[in-house]
Amino acid sequence: MANHTQPIEARATFITLMLREDHRNLRQLFEQFDNTTMTKKREIVREALAVLEVHTRLKEELIYPTWREHVHEQGLDLMDEARETLHVVHALINTLKNMDPEDTRYEPMCTALKEQVTHHINEEEGKMLLLAERTDLDWERLATHVAQRRQSLEQKPLWLLGVPVIVNARETVCATRAVLSGRSGG
Ligand SMILES: [Fe+2]
């Protein structure tokens, strides 16, 4: 359970690094969205949906439930709001996946997705990740579960800090921890 008697310094973790990396990819994809052709938009949406599906499933199945056990009241409110946004994102993903791109509602739906994803990123990066990084949960255990799940969902190497990291869950966590401990000292 959470221990609030002593403040814990925020530290970068495999999980929060991975989530920020997903956000960075999504931002880059959606930045190209406004001034491009319809064909390119469809490609962007397809790619964004693939990133988002994994991102939201990992959070709903593993990350948020664990965080909820370790954040205090203010954190729970933030998590409730974030979960609501994720539900909206999920609904938009499902609609877009089943929609004909020729449908006149397709483009407004994509714009709605972009707005909700931007809102989600601001919500998480503004407060929630920092809050989570100050908790004393078992990050290594969570990271191993998340890396395993990600591997089964994606079947491809995860890229972090610009390099593909080892696909084996345990080794991925160990390798990333070494990189992070080098960074947090700076
Ligand atoms: Fe996120």
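Readers should treat all values here as calculations from the given coordinates under stated rules, not as data from a laboratory. What you see is a predicted model, and the numbers here were worked out from it, not measured in a lab. Heads up, the Cβs are rebuilt from the backbone with ideal geometry, glycines too, and the neighbour counts pull from every protein chain shown.
Observations
- With the simple spin-label model, which puts each label point 7 Å out from Cα in the Cβ direction, the Thr95 to Asn25 separation comes to 2.5 nm.
- Dipole magnitude of the range 14-138 about its Cα centre (Cβ charges: Lys, Arg +1; Asp, Glu -1), debye to nearest 20: 400
- Under 11 Å, Cβ to Cβ, from Leu62 - net charge with Lys/Arg +1 and Asp/Glu -1: +3
- 5 angstrom amide H check on Leu160, placed H, neighbours 5+ away: Val165
- Sequentially through the range 146-158, phi angles give Karplus couplings (6.51, -1.76, 1.60; θ = phi - 60°) of 5, 4, 5, 5, 4, 4, 6, 7, 9, 6, 7, x, 8 Hz, Gly and Pro residues having no value and appearing as x.
- Each peptide in 62-69, 34-41 was scored by the mean count of other Cβ atoms within 10 Å over its residues; highest first, the order is 62-69, 34-41.
- Residues in the range 94-116 that a label on Met38 would reach, taking backbone N under 14 Å of a point 7 Å out along Cα→Cβ: 100-110
- Within the same chain, lysines fewer than 8 places from Lys127 are excluded, and of the rest, those with a Cα less than 29 Å from its Cα are Lys59, Lys114.
- Taking the convex hull of the alpha carbon positions in the range 14-138 and averaging its projected area over all directions gives 7.4 nm².
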